[in-house]
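The values are calculated or read from the model by the stated rules, or taken from the named source; none is laboratory data. As the structure is a prediction and not an experimental result, all values here were calculated from the model. Here the Cβ positions follow ideal geometry from the backbone for every residue, glycine too, while neighbour counts run over all protein chains shown. The protein model used for the area step is the full one, side chains on, heavy atoms only, and it has no ligands, DNA or RNA in it. Shrake-Rupley method; radii C 1.70, N 1.55, O 1.52, S 1.80 Å.
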Amino acid sequence: MTDQYDLIIVGGGPIGLACAIEAQKKNLKYLIIEKGAIVNSIFNYPLYMTFFSTAERLEIGDIPFNCLAPKPGRQEALEYYRNIHRYFNFNINLFEKVTGIIKTQTSVFEVATDKNSYKAKNVVIATGFYDIPILINVKGEELPKVRHYYKEAHEYAFRNILVVGANNSSVDAALECWRKGANVTMVIRKSEINSRVKYWVKPDVENRIAEGSIKAYFESNITEIRENEVEIETPDGKITIENDFVLALTGYKPDLNFLENSGIQLSKDELKIPVYNPETMETNVEGLFLAGVVCGGMQTHKWFIENSRIHANMIVDYITSK
C-alpha cells in the first residue's frame, strides 16, 4: 500500500491527462493509472484515421497542437500527446489495470490494480468507451474471421469483405478496403448512411454505393456467419453471400460493470447514463468523479475530447475548493 494521494485518475487518455495537468497546477498529489499505452484508445484507432475535430480542439494544457493538414490523423495525435507527457512529466503508471475502487468507512478510496493498491481522497474515472465492442449476437460471431476492431486495409485486399454498420468507423473501413482491392459489401440496419458520418466522407461512400462499387443492403441484418459465407435478412428476403471476413464495427461501450461495482448509479433505461452532478462531475459517490466520454453511458456520441476537456477544470476546481 502506497502513501495517500489527493487524486487518482483512472485512464491515461486525453481527458485523463487534462485532469492531471489541472491537478499539477493546483499542486495536488496525483497519480494516473492506465491499463495500456499513453492515450491507449487513440493508439488502437485505425492506422490512417482522421479526426473529425480540428487540431486546436484536441489541445490540452494550453499547449498548441501544430498540424499541417486541416484535420489531424492518428499519428499526429499520438505525437502531440507524447509531447504533452514530455512537457508535463506526468506521474503515470502505464500497463497497469485498475480492478476495483472501494470507498472505505474513513472516506478514503482504495484503488486496487493488477499490480498494486493505492489510497486516495478523490478518484476520477476517465476510461472512455473503446474497450468493449457491442456484439451483433448472431450465430458464428465467435469465428476468427469476425473482427470488432479495424486497423488497416491490407489484410482484406482481394477478399470478400462484409462491413456491418453505417457509422464513421464502418464507412472508413469500407472505403479503405475497397480502395485496396477488396470486394466490399455493407449491411446497414437503417435506411441510410448515418447522418453523423464525417461530412467529407459521407458523399464518397454514398457515391460508391450508387455506382455499385460497394454493395449495400439497407434495412438489413446478418442472421448467421459461416466459415465461407454470410446469411443476410433483407427487405426482399433472406440471401447468402460468399465471405472471407466480417468487420462488425457496430460501436463500443464503456465498462458499465466497472462503474456499478465502484458504486456509481446508472439510469434504469437502455442508455445506462451514470449519475453525476454536471457542475462538478461528482457522481453519487462523494469524491468519485467522471470525466470524458464515459459520462454518456451508451450515448458514446455525446462527449468528445473537444467538449469534455472542461471536465478537468470543473473537477479540480471543486476538489480544491472543499
Output for the stretch 103-132, where each listed residue is within 19 Å of the chain's Cα centre (by Cα), open to solvent by 60 Å² or more (accessible area, probe 1.4 Å) and of a type in the set (Val, Ile, Thr): none
Test: residue in the stretch 86-102 that is farther than 20 Å from Val285 by Cβ, open to solvent by less than 30 Å² (accessible area, probe 1.4 Å), under 17 Å from the mean Cα position of the chain (by Cα) and in contact (Cβ under 8 Å) with a residue 12 or more places away in the chain: no
Subset tally (residues that are assigned to a loop (DSSP other than H, G, I, E, B), open to solvent by 30 Å² or more (accessible area, probe 1.4 Å) and not small (Gly, Ala, Ser)) for the stretch 50-78: 11
Hits in the stretch 161-202 - residues which are assigned to a loop (DSSP other than H, G, I, E, B) and of a type in the set (Phe, Trp, Tyr): Tyr199, Trp200
All positions within the stretch 16-49 that are among the charged types (D, E, K, R), under 15 Å from Asn313 (Cα atoms) and surrounded by fewer than 18 Cβ atoms within 10 Å (Cβ to Cβ): Lys25, Lys26
Sole residue being more than 28 Å from Gly13 (Cβ to Cβ), exposed (fewer than 14 other Cβ atoms within 10 Å of the Cβ) and touching a strand residue (DSSP E or B) at 6+ places or on another chain (Cβ under 8 Å), chosen from Leu162, Leu143, Leu135: Leu143
The listed residue being within 30 Å of Lys25 (Cα to Cα), among the hydroxyl-bearing types (Ser, Thr, Tyr), over 19 Å from the mean Cα position of the chain (by Cα) and modelled with pLDDT of 95 or more, out of Thr234, Thr280: Thr280
In the stretch 175-222, the residues that are open to solvent by less than 40 Å² (accessible area, probe 1.4 Å) and touching a Gly at 6+ places or on another chain (Cβ under 9 Å): Met186, Val187, Ile188, Ile222
Close pairs from the stretch 178-202: first in contact (Cβ under 8 Å) with a residue 40 or more places away in the chain and under 17 Å from Phe51 (Cβ atoms), partner part of a loop (DSSP other than H, G, I, E, B) and of a type in the set (Lys, Arg), Cβ under 9 Å, at least 6 apart: Lys198/Lys71
First in the stretch 302-318 and small (Gly, Ala, Ser), second anywhere and surrounded by 16 or more Cβ atoms within 10 Å (Cβ to Cβ) and not in a loop (DSSP other than H, G, I, E, B), Cβ under 6 Å, 6 or more apart: Ser308/Ile15; Ser308/Gly292; Ala312/Ala18; Ala312/Cys19; Ala312/Glu22
